[in-house]
Every structure is written in C-alpha cells, then in structure tokens.
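Heads up, the thing below is written out as structure tokens.
The values are calculated or read from the model by the stated rules, or taken from the named source; none is laboratory data. This one's a predicted model, so the numbers in the text were calculated from it and none came from an experiment. Ideal geometry is used to build each Cβ from the backbone, glycine not excepted, and the neighbour counts take in all protein chains shown.
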Amino acid sequence: MATALITGGTSGIGAAFARALAARGDDLVLVARNGDRLAEMATELKERYAVSVETIVADLGVRSDVVGIAERLASIEQPIDLLVSNAGFGVPKKLTEADTTPHEHAIDVMIRAVLMLGAAAGRAMRQRGTGTIVNVSSTAGFVAMGSYSAIKAWVTAYTEGLANELHGSGVKVTALCPGWVRTEFHERSGIEIGSIPGLLWLDADRLAADCLQDAEAGKVISIPSKRYKVLITICEHLPHRAMRAVSRKLMSSRH
Ligand SMILES: NC(=O)c1ccc[n+]([C@@H]2O[C@H](COP(=O)([O-])OP(=O)(O)OC[C@H]3O[C@@H](n4cnc5c(N)ncnc54)[C@H](OP(=O)(O)O)[C@@H]3O)[C@@H](O)[C@H]2O)c1
C-alpha cells in the first residue's frame, strides 16, 4: 500500500490529488495551515475511501515547520511513496512596491519549501530505489508576469534539474504546469477573473488524474489539456521579445 504526502491538500488542486489518490487506495499525509479544514478533509477521505489520513498543521512560510515535514518525508518506518508539493498562491503585487514582503513570503512557500521537501523526499526515495515527486508549477512560468511567473519558472527548471539528478535511481520527478483552474486561488490572491474566457478553465479533478498518469509514465513536464499544450508550444517558439510583449499586455489588462 502506498502513502502520499500532499502540501495544500485541503483545497483546489491539492484536494483533487488527495481524492484521486484516496480513490485508488493510497494512504495520505495532508499538510496545510488551517487545522479545522485538515480535520474535515481527513474525515471525508476516511469515510469515503477507507484510507488512513494523517494531518500536519504547518505553515510552509516558516522554516522550522518545513523542517518538520522534511523529517516526516525521511521516515524509514513510515515511508512516503509520493510527494505532491502543491501549496501556493498568487502574488499580484508590483515588483517595484516598497514593501517586498509578499514576494519574499511567496519565495519562502513556493521556492524554499519546495526545495527543502524535494531534497528530503529525493534522498529517502533514492535510498529505497523508488518513489515519485510532483511539484505543482504553472504555465505562468513560461511568461513574464511578475514574481509569480519567476517563481514558477524556478519550480519548473528546478524540477527538471531534480529529475536529472535522480535519473536512473528509480525515482520519478514531474512538474505539473496548469493554466487557469477553478479553485480558491484567485479569490484568496485577489485576482480578477472576469475576463478569462471559459475555454481556458481547467477542471482540478481531471488535471490531477492526468498528472498522476504523466508522473507514472515518467514525464518530467505535465501540461494539462491539448489547448494548453498548443498554447505553451507557441509560447516556447515565440521570439522572447514577443513573449514579453504579450505578458505586458496581459498584465496591463489586470490594472
Ligand atoms: N488555480 C489556478 O489557476 C492555478 C494555476 C496554475 C498553478 N496553480 C498552483 O496550484 C497550487 C495550488 O493552488 P490552488 O489553485 O489549488 O489554490 P487554493 O485552492 O487556494 O489552495 C491552496 C492550498 O495551499 C495551502 N496553503 C497556502 N499557503 C500555505 C502555507 N503558507 N503553508 C501551508 N499550506 C498553504 C492552503 O491551505 P491553508 O490556507 O489552510 O494553509 C490550500 O490547501 C499552487 O502552487 C498554485 O500556484 C494554480
């Protein structure tokens, strides 16, 4: 029986992973800040799927909390077979604002924690010769839209580096790069979504199921849906200057 650890497993994409994994019989370790929501999610999953669910209340912006999760990932007695590093949020702040704290916090949660957890999981899994790491990145990493894009570009490049480092070890590593997904993300981050065309929205359950298939198949980059695969291929083949101009237009439509 496998066990998966999911950060941000109480909402949106993380919750979709939790349900998909519980439905196939995996035990879970869920991490988030809100203890009540963790308890609710654990009850739902245990009742619906008869799996075991451990919860860890932790703030990934706090280094000592991340160390605690890294220790759980390193456990020999209760090994983790799949890590989904998913917790995150939007950062709709200008790069030139006097207060850079929101950017620094985003870097702590979406870079430092992803790095520390990937290192702990990678070491433990390599030793066992098996395991899977999924880092939730974003299509935003292919464009130039503020610190969120820069952070997600790091997550994707980091994941490719980790996949190379663990190549041949039996450990699979995947970066999931979704486009727009209907979750609490936009409301929590204060991002206007009125102008996003319906066609660009993805379903979290479908996305999690497809990503698990991609990870199993050893795909290092998982881009959900044909339409986003086409969009990203276009983005990658545009001259970089054109990509920056498109990003500028998208950013200015938000202000
Ligand atoms: N939704 C989209 O359109 C979209 C597109 C591309 C990529 N993504 C990425 O997908 C991931 C999940 O986002 P989502 O859309 O599912 O958002 P969501 O519905 O807002 O869920 C975010 C989850 O992360 C947890 N979380 C947030 N900050 C945390 C922290 N400091 N420490 C621990 N847990 C924390 C939240 O729980 P607590 O609040 O209880 O901590 C919650 O479980 C993120 O990395 C995001 O960048 C989202």
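Data table
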quantity: Selected residue [at negative phi and more than 13 Å from the ligand (Cβ to nearest atom)] from Pro79, Pro92, Pro102; calculated: Pro79
quantity: Yes/no for Ile69 being in contact (Cβ under 8 Å) with a residue 40 or more places away in the chain, within 10 Å of the ligand (Cβ to nearest atom) and more than 21 Å from Ala124 (Cβ to Cβ); calculated: no
quantity: Candidates Ser189, Ser147 - the one that is crowded, with 17+ Cβ neighbours inside 10 Å, within 16 Å of the ligand (Cβ to nearest atom), small (Gly, Ala, Ser) and in contact (Cβ under 8 Å) with a residue 12 or more places away in the chain; calculated: Ser147
quantity: Within region 237-255, considering residues that are modelled with pLDDT under 90 and of a type outside the set (A, V, I, L, M), the one nearest to Ile193 (Cα to Cα); calculated: Arg254
quantity: Helices (runs of 4 or more DSSP H) lying entirely in region 115-219 (those with 3 or more residues that are modelled with pLDDT under 95, of a type outside the set (S, T, N, Q) and over 24 Å from His240 (Cβ atoms)); calculated: 185-189
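Table: residues versus (1) in contact with a Gly (Cβ under 8 Å, 6 or more places away or on another chain); (2) buried (at least 16 other Cβ atoms within 10 Å of the Cβ); (3) part of a strand (DSSP E or B).
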| site | (1), (2), (3) |
| --- | --- |
| Leu5 | no, yes, yes |
| Phe17 | yes, yes, no |
| Val31 | yes, yes, yes |
| Ile56 | yes, yes, yes |
| Gly68 | no, no, no |
| Val84 | yes, yes, yes |
| Lys93 | yes, yes, no |
| Ile111 | no, yes, no |
